Amino acid sequence: MNHMTDRVARLREESLEAAPSISAERALLVTDFYRNPCARELPAPLLRAKVFRHLLKNRALYIGEDELIVGEKGNCPKTVPTYPELCCHSLSDLEILDSRKKIPYSVSRETEEVFRERIIPFWEGRSMRDMIFHSMEDRWLDCFEAGVFTEFMEQRSPGHTVLGGSIYSMGMEDFRRRIAVSMKKQGGDMRKRIQLMAMDICAQSLVLFAERYSSKALGLARTERSPARKRELLEIASVCSRVPREAPSTFREAVQYYWFVHLGVTTELNPWDSFSPGKLDRHLLPFYLRDLDKGLLTPEEARELLGCLWIKFNNQPAPPKVGVTAKESSTYTDFAQINTGGLAPDGSSGVNELSYMIIDVAQEMRLLQPSLSVQIGAVTEPEFLERALEMVREGFGQPSIFNADMIVKELANQGKSVEDALLGGSSGCVEVGVFGKENYNLSGYFNLAKILEITLNSGIDPSTGKTPGPDTGDPSGFASTEDLLKAFRVQVSHFADIKIKGNAVIEKLYADRMPAPFLSLFIDDCIGTGLDYHQGGARYNTTYIQCVGLGTMVDSLSAVDHHVFREGTLGMGTLLDCLSSDFDEDEILRMRLENHTPRFGNDDERADRFACAVQDICTEAIDGRPNGRGGEYHINFLPTTVHVYFGSVTGATPDGRKAGMPLSEGISPVQGMDRQGPTAVIRSASRLDHSRTGGTLLNQKFTPALLKTGKSRKKLASLIRTYFRLGGHHIQMNVVDMETLMSAREDPDAYRGLIVRVAGYSDYFCDLSEDLQDEIIRRTAQGS
Amino acid sequence: MNSGVVFQYKRYSLHDGPGIRTTVFLKGCPLSCSWCHNPESISPLPQLVLLSTRCFGCGECASACPSGAVDAKRPGKTDRTICTLCGECVRACPAGARAIAGQRTDVEEVMTMVERDLPFYEESGGGVTFSGGEPLMQPDFLAELLSRCRERGIHTAVDTSCHAPAPVFMMVAGLADLMLCDLKLAGDPQMLEYTGVKAGGILDNIRALAEDGGDFVLRMPVIPGVTDAPDNLRGVADFIKSLSRRPVLELLPYHSAYREKYRRLGITVKDSFTEDTGRRLTYVRESLTGAGIVIGIEE
């Protein structure tokens, strides 16, 4: 049954039809502000706060026809601002963005002109990107260029964080009062006073922005002919005059308030994964019930407002990425994730009527953004998971399904109080954090298969001829797989050291030069401590390094173990020769390695034990190490699209993978190598200790038949619940048959709307690179 | 401890009883149904399987074969009369194009395999299904497996043609939690023609099962032009109505995708029926429902 109102249908259509384009407005306003010599003398927090105010005071406003929830990041839907202070796009970047086949952003001649004349000349050498690359040691640069790891902060600011509940009980005036109290407490500490002053300016700026919207709506109302639309515009004016100044008093105000905060956070900087409202069902419920009770709102109206919010998310394509960052995250999706279900603060089920309404809305909207996740704990009602699977059946990869109990355990293992852990959830792809209280950010992907390649070459990277790693010995002399693991352990720890050392420099650059006083308002305890979000002001501070290629690693170790050391049918020297020639001379050996190796994902302990070994090695090298904000490093296993890029820079691997082919993604088995069905995949995947990670990603492809009837969905629900009982973190399902994907590749125009699950997010199949399309086709479809 | 010949385990099996199940396929079947989907299940002995689509002609199998059964020039061909099923070629084939269907397996090994998915059975109310072939062809092995599962608290189902001596059939029915009984054709001549055995004994076994009190369902493959003939549907309906307890009748759609399996075994496909687009299934369901039979459909 389709509930979408005509209004929502029209706005949705408009959002779908708009093509992403670059807007120079933000870049220009920021550059003009920075050009002012006085501006550059300001302490960084005040400078950033004033830039923020300048933006919100001068940005063009947009109220589209029919809109109920207002505000855009660009001038209109799908126009994308840039952040030259972080990453100033060069003319050739703009040219690439405009003309590339996948994920283009159109750049008008005027925009290009503005960049050429006014933006680029100012930022050269001044942008964070330039400063980051300039500050890195040669060996860091070597690793970055060789594809040993990527760097998240080179074009975007630390993000991934999620809003807690503060805005639903506090207006900006309340935040300002809280700032004033903290200001008194800080006494003569100028640094903190400046920080708080900056936050105060930001709080006022958001009110100013909303009031501008209020006036604009009033102005439009005056000339509006349709009485119905006039009433709507007056309502917009009234809502925007109340929030965010005051705490919201209605459902609609709560939604509009969140959206203003979202725009603020993503205008201040371009944080990874934009920004997310977290447990929306929980936050909005009191407003919903109160409004229903007072007769201010009907369920249909609530649903329409949520639809409008969904469209707002979809109107904001990710900031344009270039270079390696575009490869690791090649998508328009900006990874905002809405959590539903999950646990209440007292540990009981958090499912309420809005949880179901949110699924209804996400299902009928069928948009890339925001991404929906359901959080399922042991106490979650079975009906809720079954409802979620009905949506999964629609085949556009949403919602992704998380283990709410495991998330609490992971957060507690990281040292959070259980009380705070219960406020946490997943964001972005699969990473976990405490909403509203944590700065947790992903800092870069870490290429395990490349490190194995370097290990097998005694510290040399065969693709560059450089020696980025220590000499851990000639593997021909290894007497056992344990020897290889020992050498690999040394290499992983070596590269982790380089990455972490680089991160420390980058963290400091952000703390010193790019504070985020607006975001700091919403993350406890920045106001209380007078410290910025980037300076350790958050209650919890986590830095993640995302290990990539687990399946490829496990199968490669298993291949060496099985063929070289157990069966003795293959000499290490021969294997190394074949790897360095990419099996050119020996396809038979390659096939034997591919087909006769015990493989991860088949419930085969001979292979799975190496998954534990690899996790232990990554944990030992990374987990618990201090970061620059007073917090710790942790690992997770997720790839976005980087497994394709990492594969392209990694030579042949002992599992029979040819050089250049994609690595496995997340903790999923190597594509097409799970042959024993989903229970075996789950048994293998649950041999990892998920509770010692900050998130793992398991991708499974199912044929539509497996979700066709209520009975088969119940069985799938049991499969998922068992995975969670065995300690799994997350599972996502692609439900689309092979034929459809093949046809879509042949005839993209006929399948432009086909959305598939990639890795922690969904995307239009036809927007994916050809490599990634192939790979998705290769992932085994679990049928029955 | 008993042992038997098993030719496949299927985990996350969803259509052979309640919940998530592991189906264990026992090799050997006294019937020879023209539409058999599992031709490798018919012979009670292990058999060599060749997946010719994977073979790329490297000849490793010929070099590995100790009996000279593989023609080095045409490695896709193997002289099955010389082949001793030693498995050397299976190990040697880099492409995974060769396999042996059917391994002698003892009860312990089967239990180890099926216990792997215990947590899934517990969560879903599933268990183990013994199928075939005809699992009742290996009664002692099956009986011990069923008893062991019962001790472990694992729900069991037996998927059977019901063509077995009455005492064996009732012994197994007594040990299994659920019997999945094939009911293909109600008349002796048709059964003889299409399956090679008579219907009488089968119907008697089912009748006795209905008397006995164990849980069971009937399952009918809808084979276009054979089991869906009006006469047969009438016969089947009459038979079900004559039972002391009326079980659910599940209809299993016919697929033609199994033909490739015959080629892999070097066997000619006996018969081929038109693939049902769903119309026959609907017709059968409607006519049997009209006759007062309770129908369950398996996808």
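The values are calculated or read from the model by the stated rules, or taken from the named source; none is laboratory data. Please read all numbers here as calculations on a predicted model, not as lab measurements. Every residue, glycine as well, gets a Cβ built from its backbone with ideal geometry; the counts of neighbours run over all protein chains shown. Surface accessibility is based on the protein's heavy atoms, side chains included, excluding ligands, DNA and RNA. Shrake-Rupley method; radii C 1.70, N 1.55, O 1.52, S 1.80 Å.
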So which pairs qualify, if the first residue must be in segment A:586-613 and within 11 Å of chain B (Cβ to nearest Cβ) and free of Cβ contacts under 8 Å to residues at least 60 places away in the same chain, the second must be open to solvent by 30 Å² or more (accessible area, probe 1.4 Å) and in a loop (DSSP other than H, G, I, E, B), the Cβ gap must be under 8 Å, and the two must be at least 6 apart or on different chains?
A:ILE588/B:CYS58
Taking A:ARG692 as the residue in question, decide whether it is open to solvent by 10 Å² or more (accessible area, probe 1.4 Å), away from every other protein chain (no Cβ under 14 Å), within 24 Å of the chain's Cα centre (by Cα) and modelled with pLDDT of 95 or more.
yes
Restricting to segment B:1-59, count the residues that are in a loop (DSSP other than H, G, I, E, B) and within 13 Å of the chain's Cα centre (by Cα).
16
In segment A:154-189, the residues that are open to solvent by 10 Å² or more (accessible area, probe 1.4 Å) and within 14 Å of the chain's Cα centre (by Cα)
A:PRO158
Across segment A:727-757, which residue is surrounded by the most Cβ atoms within 10 Å (Cβ to Cβ) among those that are in contact with a helix residue (DSSP H, G or I) (Cβ under 7 Å, 6 or more places away or on another chain) and under 15 Å from A:ILE667 (Cα atoms)?
A:HIS729
Looking at A:GLY74, is it part of a loop (DSSP other than H, G, I, E, B) and under 24 Å from the mean Cα position of the chain (by Cα)?
yes
Among the listed residues B:THR84, B:THR78, identify the single one that is in contact with a strand residue (DSSP E or B) (Cβ under 6 Å, 6 or more places away or on another chain) and either among the basic types (Lys, Arg) or more than 14 Å from chain A (Cβ to nearest Cβ) (or both).
B:THR78
Checked segment A:607-651 for anything open to solvent by 10 Å² or more (accessible area, probe 1.4 Å) and over 30 Å from A:ALA412 (Cβ atoms); matches are A:VAL644, A:TYR645, A:SER648, A:VAL649, A:GLY651
Which one is most open to solvent (accessible area, probe 1.4 Å), of the residues in segment A:702-724 that are more than 8 Å from chain B (Cβ to nearest Cβ) and within 30 Å of A:ILE622 (Cβ to Cβ)?
A:PHE724
Tally the residues that are over 10 Å from B:VAL128 (Cα atoms) and more than 9 Å from chain A (Cβ to nearest Cβ), restricting the search to segment B:1-34.
18
Which number in (1) in contact (Cβ under 8 Å) with a residue 60 or more places away in the chain; (2) outside the structural domain of B:VAL226 (by TED's automatic domain parsing); (3) open to solvent by 30 Å² or more (accessible area, probe 1.4 Å) marks the one condition that B:PRO66 misses?
(1)
Of the conditions (1) in a helix (DSSP H, G or I); (2) more than 14 Å from chain B (Cβ to nearest Cβ); (3) polar (S, T, N, Q), A:GLN732 satisfies every one except a single condition; which number is it?
(1)
Test: A:LEU280 is surrounded by 16 or more Cβ atoms within 10 Å (Cβ to Cβ), under 24 Å from A:PRO317 (Cα atoms), touching a helix residue (DSSP H, G or I) at 6+ places or on another chain (Cβ under 7 Å) and not hydroxyl-bearing (Ser, Thr, Tyr)
yes
In the set B:PRO135, B:PRO94, B:PRO119, which member is touching a Ser or Thr at 6+ places or on another chain (Cβ under 7 Å) and within 14 Å of another protein chain (Cβ to nearest Cβ)?
B:PRO119
Whether any residue in segment A:464-477 is over 16 Å from A:THR650 (Cα atoms) and surrounded by 23 or more Cβ atoms within 10 Å (Cβ to Cβ) is what I want to check.
no
Scope segment A:155-168; condition assigned to a helix (DSSP H, G or I) and out of contact with any Phe, Trp or Tyr (no Cβ under 7 Å at 6 or more places or on another chain); matching residues
A:TYR168
Take B:ALA64 and tell me if it is within 14 Å of chain A (Cβ to nearest Cβ) and out of contact with any strand residue (DSSP E or B) (no Cβ under 6 Å at 6 or more places or on another chain).
yes
Listed by first then second residue, the pairs whose first member lies in segment A:657-685 and is within 14 Å of another protein chain (Cβ to nearest Cβ) and open to solvent by 20 Å² or more (accessible area, probe 1.4 Å), whose partner is in a loop (DSSP other than H, G, I, E, B) and of a type in the set (Gly, Ala, Ser), with beta carbons under 7 Å and at least 6 positions apart or on separate chains, are A:MET673/A:GLY601
Checked segment B:10-37 for anything touching a helix residue (DSSP H, G or I) at 6+ places or on another chain (Cβ under 7 Å), at pLDDT below 95 and not hydrophobic (A, V, I, L, M, F, W, C); matches are B:ARG11, B:TYR12, B:SER32, B:SER34
Per the list (1) part of a loop (DSSP other than H, G, I, E, B); (2) touching an Asp or Glu at 6+ places or on another chain (Cβ under 7 Å); (3) not β-branched (Val, Ile, Thr), residue check on A:SER718 breaks on (1)
Determine which member of the set B:ARG152, B:ARG104, B:ARG148 is under 19 Å from the mean Cα position of the chain (by Cα) and away from chain A (no Cβ under 14 Å).
B:ARG104
